[in-house]
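Notes follow once the structure below has been shown.
Rule-based calculations on the coordinates, nothing more; no lab input. No experiment lies behind these values; they were computed from the predicted model shown. Cβ: placed from backbone, ideal geometry, glycine included. Neighbour counts: every protein chain shown.
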Amino acid sequence: WLVQVLCDNPFSRLFWMDELRNLYLQLGRLWNNTGGDWEEGVLDSIIRIAKRIIPPRHRRSSLALQGSAGAVIVEMGLEPDNGEPWIVKVSAFLVKWYKGMELPLPDHRDVSSEGRENIVVHNLDCDDSMKNRAMMNLLSNIYKGRLPADFEIFDAIIPSSVEMLVAFLDRVLAFPSCTFTILNAEALSGEQQEKVLSFLSRRDIASRGIRLNCVQFAGTILHTSPWVGGRSWDRTSLDALGGAQYPLPDDTFRCLVSEKATVSIVATQAPGTGKTRYIRQQLQIAKESGAQVGSINIHEGTSLSALIDSLSNDFFSLTNGKTVFFAISGVPSEGDIRSPWLAMLNHFFFSFLVLGSVYDPQSGA
């Protein structure tokens, strides 16, 4: 029955099951109080999760989102409880909210990709030290300079369940107008690899018009077929992705994140050079301007769920104007570039700055 619910309500496929449960819990807190005297931050939490269904070009002001979502919540809270499963109620909220905003059908199609191979295995042939930069440049080319939506990316560098991968592949089938990407495919577990290989072996996926890119280190697990294209990238060809139309590797990160945030990096190799004093001055300036200000310390041993909790505690509202200082210490040496902690840190900042959303598959946060 769960598969049928998801088929009947494709919006639900844009979320992980933990996110849908969290959304239901937050909605329940408001459905039980239709008088509108709601606990501060709950409506913001709902919108922060649910706004994934709205294409970026149709995003509205925080006040407009709160008004439209609040109206649907009150309407559903007044309806009699007919005993429907929780996931049906959550799915109904997503559909009612979307229709209430009178938006067109979801469409993330990138017209510049028309006529090209839609299912591609990308093989990266580069050093570990270049891997993240190479993937950023490749993503800029795949998405033609736009930011990918958070639901379009599956990063295998963070351990996740087979069920999550299957849910992602179902999402690929449900939204052929979107462009999906599996990053770090070589990090998939054996069972996950089998699922992807089985998916790519299906003859019907090409005729369904899906867009899927799988990025892996050269010659690892995924291979081409008559309906799955293949491209190999070395340092020279990755640099050639730049030019006039798309940014060169050194500028890719700046190009991608400038749409969502202004990022400053303060670093020196020696202590006592005034980094902390400078940052405190900048935070004070931001605070005096009315911005939300927060400081998060990161050291080896800091977990992904701890980072998410810190962000949630410091920045719970949807208002613009947030300034956060990440103090990073104890970064592994260059010889430890493959350390799981550094991989987690890279994943966190990629998700936070590029995708605009961070999710921990192990804790569900």
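Here is the link list: K144/K275; K51/K287; K51/K275. Which ones come out longer than 29 Å on Cα distance?
K144/K275; K51/K275
How large is log10 of I(q)/I(0) for segment 160-214 at q = 0.15, 0.21 Å⁻¹ when the intensity is taken from the Debye formula with one equal scatterer per alpha-carbon?
Rounded to two decimals, the profile gives -0.39, -0.77.
Determine, for each peptide in 76-84, 16-24, 305-313, the mean count of other beta carbons within 10 angstrom over its residues, then list the peptides with the highest first.
Highest-to-lowest ranking by the protection proxy: 16-24, 305-313, 76-84.
Test of understanding: what is the full-extension gain from S312 to S225, defined as 0.36 nm times their sequence separation minus their Cα-Cα distance?
Stretched fully, the S312-S225 segment lengthens by 26.9 nm.
Per-residue counts of other Cβ atoms within 10 Å, averaged by peptide: what ranking do you get for 202-212, 340-350, 174-184, highest first?
Going by the mean number of other Cβ atoms within 10 Å, highest first, we get 174-184, 340-350, 202-212.
Quick one: if you stick a label point 7 Å off each Cα along the C-beta vector at S295 and D127, how many nm between them?
Going by the 7 Å Cα→Cβ label model, 3.6 nm.
First select every other residue whose beta carbon is under 12 angstrom from the beta carbon of C126; then total the charges, Lys and Arg +1, Asp and Glu -1.
For residues surrounding C126, the net value is -2.
Which FRET efficiency, nearest 0.05, do A267 and D150 yield, Cβ-Cβ r, R0 30 Å?
Efficiency for this residue pair is about 0.65.
Taking the Cα-to-Cβ direction at I49 and at A240 and moving 7 Å from each Cα, how far apart do the two end points lie in nm?
Between I49 and A240, the simple spin-label model gives 4.7 nm.
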